[in-house]
Amino acid sequence: MTPLLAARAITVRYGSLAALDGVDLRIDHGQRHALIGPNGAGKTTLLNVIAGATRPGGGQVWLAGREVTRRGPAVRARRGIGRIHQRPAVWSTLSVTENVQVAALPQALRPGRWRPGAARRAARRTAETLLDRVGLTDLAGRPAGELAHGQRRQLEIAMALAGRPRLLLLDEPAAGLSATEVGRLVDFLRELPRAVAVLLVEHRLDLVYALCDTVTVLRDGRTLAAGSPDEIRGSELVRRAYAEGVA
């Protein structure tokens, strides 16, 4: 079966530094996959390559059987890649609902059917549905800039889902969240339909092991290990790397 995403022999260099050195990654439809490793391992760089924000010096990226290596972020978003960055990125002066509406408009404006009024109504319905799913309905009319950090993270997830992604890229979604907020995040991500695959970069291994089917460990821009959560937990190679303080 054709994978949803195939990144093959990805190499990214900054001068003499190899941020990624021949990394392979496969994401199947509906999979929950985690990237873990130390700072500087290349995790965010790999997300940038997959999202189209960084063009690799070598290798290829395929999405649902179509090569997108030289396609930019906008094209990849239209083809089904959604992304959430390390720091929540919302429009602070717009209301919570308006943020999700803006994110939903490209889907609501179908090609060949330019009906702005109908599109706005459809985008608002999408926003209301998603805000209910992430637990922000009571804050729908509040400016996004007034939200707490965890609430902004919830809002950004709703905005990403408004684009109807097939693959959702999450870069340290638990950063800055309380234990209660992390638990809520795990529950929410578990409930995502399997039509949406997830690629997660995260330092909190409890979240990774609770959520993901497959884990890839990067170290110094290369793949150190890959397997199920149980295999990674039981890997002597990974355990040794952790003991050395490099993963």
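Quick note: the coordinates plus some simple rules give every number you see, no bench work behind them. Computed from a predicted model, the values in this text were never measured in an experiment. Cβ sites come from the backbone with ideal geometry, for glycine too, and all protein chains shown count toward neighbours.
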Practice item. Name the longest site-free stretch of the chain, where the excluded sites are GluC sites (Glu not before Pro) in a DSSP loop with no more than 10 other beta-carbon atoms within 10 Å. Key: 1-190
**Study point:** Mean Cβ count within 10 Å, highest first, over the residues of peptides 12-20, 158-166
**Key:** 158-166, 12-20
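For the range 89-163, what does the convex hull of the Cα positions come to per residue, in cubic angstrom?
Normalising the Cα hull of the range 89-163 by residue number yields 75 Å³.
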Exercise for review: For W91 and E67, calculate 0.36 nm times their separation in residues minus their Cα-Cα distance, and state this gained length in nm to one decimal.
Suggested key: 5.4 nm
Review point. If you bin the C-alpha pair distances of the range 46-91 every 10 Å from 0, what whole percents do you get?
Key: 27, 54, 17, 2
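Determine the equivalent ellipsoid of the range 1-144 by diagonalising the alpha-carbon gyration tensor, then write out the semi-axes as square roots of 5 times the eigenvalues, largest first, rounded to whole Å. Each step should come with its number before you reach the end.
On the way: eigenvalues 220, 71, 39 Å².
So the equivalent ellipsoid measures 33, 19, 14 Å along its semi-axes.
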Check your understanding: Restricting attention to the alpha-carbon atoms of the range 150-214, what are Rg (one decimal) and Dmax (integer), both in Å?
Key -> 11.1, 29
Review point. Taking the convex hull of the alpha carbon atoms in the chain, what volume per residue do you get, in Å³?
Key: 135 Å³
